[in-house]
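The values are calculated or read from the model by the stated rules, or taken from the named source; none is laboratory data. Owing to the predicted nature of the structure, the values given are computational and were not obtained by experimental measurement. Here the Cβ is made from the backbone with ideal geometry for all residues, glycine too, and neighbour counts use every protein chain on show. SASA here: full protein model, heavy atoms, side chains in, ligands and nucleic acids out. Shrake-Rupley method; radii C 1.70, N 1.55, O 1.52, S 1.80 Å.
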Amino acid sequence: MNRGFFYFRLTNNGNLVGEFFNDFDTSIRTESADRTNNENRFDNTYLSTWREGGNSEILNLNINISENNDRVFDLAWFRNNENNPVFRGQAMEIEESLLSGYYFVP
């Protein structure tokens, strides 16, 4: 099962920069995400990029406030034109502009 841990910092320009690790690769990797609209907050849509296993990945990232808890965020990473997420996750804001959580392959 592919699962892991990540954090994202929200930049002043509304983009995300962070790091992650998982049970696929023991290295700590970087991930960045450019927002796709003009909102400067975590709950937003992004174009997320990272390298893993010698490959570059570019996925759409949706971050939404959870319906069950307004202090928790639900995350889903999608390929273009696909409805099923490649990864899902949950996170919480652990300090101002810093989101931390876990992800998994659904």
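Worth pointing out:
- Whole-number accessible area per residue in Å² for the chain, which is evaluated in the context of all protein chains at 1.4 Å: 63 Å²
- For region 6-63, the carbon plus sulfur part of the accessible surface works out to 44%, probe radius 1.4 Å.
- Length gained when the stretch F5-I58 is fully extended (0.36 nm per residue, less Cα-Cα span): 17.3 nm
- Local electrostatic count at I94 - Lys and Arg +1, Asp and Glu -1, tallied over other residues with Cβ under 15 Å: -2
- Were the residues from S97 through S32 laid out at 0.36 nm apart, the gain over their Cα-Cα distance would be 22.0 nm.
- Mean projected area in nm² (Cα convex hull; one quarter of hull surface) for region 6-61: 3.8 nm²
- Rg and Dmax [Cα atoms of the chain; Å; Rg one decimal, Dmax integer]: 12.8, 37
- The GluC sites (Glu not before Pro) found in region 7-100 that occupy coil by DSSP, while having at most 15 further C-beta atoms within 10 Å, are E39, E67, E82, E96.
- Each Lys and Arg adds +1 at its Cβ and each Asp and Glu adds -1 at its Cβ; summed about the Cα centre, the chain shows a dipole of about 160 debye.
- For the chain, the longest site-free run once trypsin sites (Lys or Arg not before Pro) in DSSP loop states with at most 11 other Cβ atoms within 10 Å are removed: 1-40
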